[in-house]
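No value in this document is a laboratory result; all are computed from the given coordinates. Keep in mind it's a predicted model, so treat the numbers as computed, not measured. Backbone-built Cβ (ideal geometry, glycine too); neighbour counts: all protein chains shown.
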Ligand code: TIU
């Protein structure tokens, strides 16, 4: 059993029944010219968490824990992209448009690849998700059940969009969830802080949060 000093109280898990879920650490969100930048965001904030995510990923892999990577991704014909998603707002590039890293948020394009530092290795699950949540239209729940997973540790971007949505979906499916505080980031620092607070409020209404140092300490114990 691993115990992590977390908020609002200790998070206990068995790594054999816990998956590390890394949400959307793809070039589209963390590099200039991608989807995140097209929405007017400063992507440098998000790049900064890559080394922390790597430290946790290395520790998790060393213990043979299950790893899940997600990508926000659409089919080339956009058949899985609701017009409401594509047409909303006035981004400089819309989903499916050709940009400097290929077609924005389209499977197989350079921008849709996970950053090299966190690239998946054999045996890890890679989920292409058309929505913000990792459980919508992906089969992720069924895969996790096959592995006997009951607990999830989350990292990735962005805290209040795809990470929070995925955590809430997981919580409603019965998983106990921990969010690594310095392994997630938002384009809006205030939104990140609010998300961390609301997840752990009311006695862990959505889940737990902890710094990566506390998780790594628990894993090494
Ligand atoms: N825009 C924003 O903050 N996020 C997304 O569109 N997707 C994810 O969070 N992955």
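Tabulated data
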| item | result |
| --- | --- |
| Using alpha-carbon coordinates, inclination of helix 189-204 to the longest axis of the chain, degrees | 40 degrees |
| Label-point separation, residue 194 to residue 150 (7 Å along Cα→Cβ), nm | 3.5 nm |
| Net length gained if the chain between residue 213 and residue 10 were fully extended (0.36 nm per residue, minus Cα distance) | 71.7 nm |
| Fraction of beta bridges assigned by DSSP in region 33-145 that are antiparallel (%, nearest 5) | 20 percent |
| Extension gain from residue 85 to residue 44, taking 0.36 nm per residue of separation minus the Cα-Cα distance | 12.3 nm |
| In nm, spacing of pseudo-spin labels at residue 63 and residue 1 (7 Å Cα→C-beta vector) | 1.4 nm |
| Virtual spin-label span in nm between residue 92 and residue 143, 7 Å along Cα→Cβ | 3.3 nm |
| Rg/Rg_ref, region 1-139, where Rg_ref = 2.2 N^0.38 Å and atoms are Cα | 1.15 |
| Extension reserve of the residue 55-residue 124 stretch, reckoned as 0.36 nm per residue once the Cα distance is removed | 23.2 nm |
